[in-house]
Amino acid sequence: MTFPVVGMVGGGQLARMTHEAGIPLGIKFKLLSDTPQDSAAQVVSDVVIGDYRDLDTLRAFARGCDVITFDHEHVPTEHLQALEADGITVRPGREALRHAQDKGVMRAKLDAIGVPCPRHRIVSDPEDVARFAAEGEGFPVVLKTVRGGYDGKGVWLVRSSEEAAEQLFDRRGLAGVPILAEEKVDFVRELAANIVRSPHGQAVAYPVVESVQVDGVCDTVIAPAPDLDPELAGRAQELALRIGKELDVVGHLAVELFETADGRILVNELAMRPHNSGHWTQDGAVTSQFANHVRAVLDLPLGDPRPRARWTVMANVLGGDYPDMYSAYLHCMARDPQLKIHMYGKDVKPGRKVGHVNTYGDDLADVRERAAHAAGYLRGTITE
Ligand SMILES: Nc1ncnc2c1ncn2[C@@H]1O[C@H](COP(=O)(O)OP(=O)(O)OP(=O)(O)O)[C@@H](O)[C@H]1O
Ligand SMILES: [Mg+2]
């Protein structure tokens, strides 16, 4: 029996959970991780410790794999090109991945294919930020580094060109990375339309979810998005499927959206890998985003994306000041037998995503309360 080897670049929690999803299929999993302590490196048996920014390391790693896929979008584009030139199967491929690596490239492509986005353009200096503001609704303006951001790091809300200068342009370390300016969208909420697409061109769309951010970090995801107009939900799914097709994405594609008061949806950003807004699928969908990502990169038929319960709520567990999370399991599990805890094996540091919980049921208010309670209790912000 020969089972394929999936090579995962990056040792974070997404890699850990993708590995978990491949186990029942007997898929062999090989990991390239920065350190042996990384979330996935703790649980995968076949681990190479090395730097994904080094082409020789990537090449040596890829040699033993049938397909390469990713836990993050930070592998240099030229390295992806070199791997593809070597004949390595890279999924999603370099051409697709460019759009998730660089917010400037992503915006240009979405404009070209007629996908609605916030008003935006690349800005060169603080005076240019003021001009951008004057071209539209004025300040505040959202500024983003086009590359390297995550969890809101790399996103600034500025109220003046002076503030832009202080917060970004005067600081070291941004040299060379272009800055994208965007209108501050006055959204009613944030949604995500997640799909999975295979090289065959088969695609599945998950129900559109609501994602609630706190301080720029995803806090809660509600599946499906409550009270979402079915017509709008259908449009969001079609939009995500169209983006997946136009960009030739393989694997999981998360399309982060803003819903506006007048019933429009604007694309915030794209992620071409399993995504926080899809964690609910582990316990709330027939086939999880991780299982479908594995299927997609191997070009297997995709699994059913439909929900198992009326409502599923995911709440992220952030590190608190109290490091002994395990001692909280007793109370959380006793309180909610439907609770599913997913911990990443990461050191508990304040504000860091160290795990998440999923729970489900028929009564949304009750399901939300149970998820928020468990996440808060694990973090130590709720004590009873
Ligand atoms: N143009 C905008 N108008 C209003 N709010 C915005 C805008 N762009 C971003 N935001 C807010 O900032 C959050 C983070 O922005 P974005 O998703 O671009 O950054 P990121 O750090 O790459 O994200 P992630 O946490 O998904 O990795 C968004 O979820 C949204 O709440
Ligand atoms: Mg985002």
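Can you show me the helix-derived [θ] at 222 nm for the chain, built from DSSP H runs with n ≥ 4 at -39,500 (n - 2.57) apiece and divided by the number of residues, rounded to the nearest 500. Show your work: numbers first, answer last.
Values: 12 runs with 116 residues, N = 384.
Value at 222 nm, helices only, nearest 500: -9000 deg cm²/dmol.
Shown in residue order for segment 15-26 are the 3J(HN,Hα) couplings computed by the Karplus curve 6.51 cos²θ - 1.76 cosθ + 1.60 at θ = phi - 60°: 5, 4, 7, 5, 4, 4, 6, x, 4, x, 8, x Hz (x for Gly and Pro). Computed over the alpha carbons of the chain, Rg followed by Dmax gives 20.6, 65 Å. Just so you know, the Cα atoms of segment 1-160 work out to an Rg and Dmax of 19.3, 65 Å. Only Cα sites of segment 254-301 enter the Debye sum here, all with the same form factor; the resulting log10 I(q)/I(0) across q = 0.17, 0.18, 0.22, 0.32 1/Å is -0.62, -0.67, -0.83, -1.09, listed in q order. Gly136: net charge of surrounding residues, Cβ under 12 Å, Lys/Arg +1, Asp/Glu -1, itself excluded? Cβ neighbours under 12 Å give a net charge of 0.
For segment 118-269, with only Lys/Arg (+1) and Asp/Glu (-1) charged at the beta-carbon, what is the dipole magnitude about the Cα centre, in debye rounded to 20?
Details: 16 positive and 27 negative charges, 115 e Å.
In total the dipole reaches around 560 debye.
Per-peptide packing, taken as the mean over residues of other Cβ atoms within 10 Å, places 51-64, 260-273 in the sequence 260-273, 51-64 from highest down. For segment 40-52, the Karplus equation 6.51 cos²θ - 1.76 cosθ + 1.60, evaluated at θ = phi - 60°, returns couplings of 6, 4, 5, 10, 8, 7, 9, 10, 9, 8, x, 9, 5 Hz by residue, with Gly and Pro reported as x.
Total Lys pairs in the chain closer than 13 Å by alpha-carbon, pairs eight or more apart in sequence or interchain only? Write down the numbers at each step before the final one.
Details: Lys103/Lys144; Lys109/Lys245; Lys144/Lys153; Lys144/Lys184.
So the count of such lysine pairs works out to 4.
Taking the Kirkwood radius as Rh and the Cα radius of gyration as Rg, segment 31-73 has a ratio of Rg/Rh equal to 0.92. The solvent-accessible area of Leu228, taken with every protein chain present and a 1.4 Å probe, is close to 30 Å². Rolling a 1.4 Å probe over the protein heavy atoms gives the chain an accessible area of 44 Å² per residue. The share of accessible area on the chain that comes from carbon and sulfur is 49 percent, using a 1.4 angstrom probe.
The values are calculated or read from the model by the stated rules, or taken from the named source; none is laboratory data. Since the structure is predicted, the reported quantities are computational estimates derived from the model, not experimental observations. A quick note on method: Cβ atoms are made from the backbone with ideal geometry, for glycine too, and the neighbour counts reach across all protein chains shown. Ligands, DNA and RNA are stripped out before the accessible areas are found, and what is left, the full protein with its side chains, is counted by its heavy atoms. Shrake-Rupley method; radii C 1.70, N 1.55, O 1.52, S 1.80 Å.
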